[in-house]
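Every read-out reported here was derived from the displayed coordinates using simple, explicitly stated rules and does not represent laboratory data. Everything quoted here is computed from the prediction, not taken from an experiment. Every residue, glycine among them, receives a Cβ derived from its backbone with ideal geometry; neighbour counts consider all protein chains shown.
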C-alpha cells in the first residue's frame, strides 16, 4: 500500500508539473518570431489577408510575424508545409476552401489530412462569388439562363480557372441542380478566363467579386447572380442565385486561420482571442471588405464543424464533376 501510495503521489506530482509547465509556456508565448504561411502567391486575397493579420499580431505581441508565401498545387504545398511543422504555435497558416475542403476529393494522394493534421483556430472571411456573362448572352438573370440552357443543350459555354477549381465546381453544381447541359471550358487561371469572357470565347464565368466589379460598372460584363445565401453588400442590386431560380444554392469562398495539429490548447485560445479582436478593428474590416467578403470569426469548435461539412459538400461536387488533378 505504501509503495502504491508513493507511486500515485509521484504520478500526481508529474501531472501537476506538466500542467504548470504548459501554462508557463503559453504565458511566455510568443517568445520568438512566428512564421505565417500564405499558400498562394503575393498579391492575391490570401496574401492580402495574411499580411494584414500578421502586421496586427506583430504590433500586439511585439514579436515579428513573418509572411512566407508558399504557392503551388492550388494551395496544397503551403498547407502541407504547415501541417508538417512542430505543433508549438510558431507556424500559422491561412487555409481556404480550395486546399482545406476541395483538395481532399480532388487529389488521389494529398500530403496532409485536413481534419487530422490541422487545428482550426477561426474562420476569418467568407466571400461570395458572382456569376457574370458576356453582354451578348440573351439572358438577364439565372432563371433566363437556365431556360436558355434547356432550350439549347451544351450551346452555352462556362469558363473556369481550371478543372477542380471553385468556379468549375460551382458551375457543375448549377448543372446538377437544374439538369441543364453546358460546356465547360477550363483556362489556366482566372485572368485568362476573364479575358476569354470579355472576348466572347465563353458565355458565362463564376468569378470572385473584386476583379469583376469594375467590368460590371463599365458594362463590359453583366451580372446574373451572386452565389451567397444573402446579397453581397457591395452589389446589393444583384440578386442571389438562390432567389433567382435555385432555392438553397450557396457557394462561398472562405479563409481561416489554422495551426498544425497538437498545438497546446492555451496557445490556440490565445491566438484565437487575438485574431477575433483584430477582426473587429474598423480598418481591418474595411480592408477585408475590399476582398469582396464579410468578416466571419467563430470558435475553433465551430470552425472544425464547418470544415467537416464543407469537405462533405465539395467532395460530392468533385465526384459528380469527375474532376481530378493527379
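Quote the FRET efficiency, to the nearest 0.05, computed for residue 85 versus residue 309 with a Förster distance R0 of 25 Å and r equal to the Cβ-Cβ distance.
On the way: r = 27 Å, r/R0 = 1.07.
It comes out at approximately 0.40.
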Label zone at residue 108 (point 7 Å along Cα-to-Cβ), backbone N below 13 Å, segment 285-326: 324-326
Using alpha-carbon coordinates, inclination of helix 300-321 to the longest axis of the chain, degrees: 40
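At a 10 Å Cβ-Cβ cut-off, how would you order 79, 118, 216, 281, fewest neighbours first? Please list the in-between numbers first.
Working: 79 29, 118 22, 216 17, 281 13.
Fewest-to-most Cβ neighbours within 10 Å comes out as 281, 216, 118, 79.
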Using alpha-carbon coordinates, inclination of helix 265-279 to the longest axis of the chain, degrees: 40
10 °C / 1.306 mPa s Stokes-Einstein diffusion coefficient of segment 128-244, Kirkwood radius on C-alpha pairs, µm²/s: 115
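In which sequence would 309, 228, 50 go, from the one with the fewest C-beta neighbours within 10 Å to the one with the most? Display every interim value, and only then the final one.
Details: 309 10, 228 22, 50 27.
Lowest to highest Cβ neighbour count: 309, 228, 50.
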Per-selection Rg to Rh, the chain - Cα, Kirkwood hydrodynamic radius: 1.07
The chain: relative contact order in percent, alpha carbon pairs under 8 Å with at least 6 residues between: 26
On Cα atoms only, tilt of 2-28 relative to the major axis of the chain in degrees: 50
Two-site label geometry, residue 237 and residue 61: point separation in nm, points 7 Å out along Cα→Cβ: 4.5
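With 10 angstrom as the radius, rank 61, 314, 36 by how many other C-beta atoms surround their C-beta, starting from the fewest. Could the numbers behind the result be given before it?
On the way: 61 15, 314 24, 36 21.
Fewest-to-most ranking of 61, 314, 36: 61, 36, 314.
Rounded to the nearest 500 deg cm²/dmol, what is the calculated helix-only ellipticity per residue at 222 nm for the chain, with -39500 (n - 2.57) per DSSP H run of length n ≥ 4?
Working: 11 runs with 142 residues, N = 326.
Mean residue ellipticity at 222 nm (helix-derived): -14000 deg cm²/dmol.
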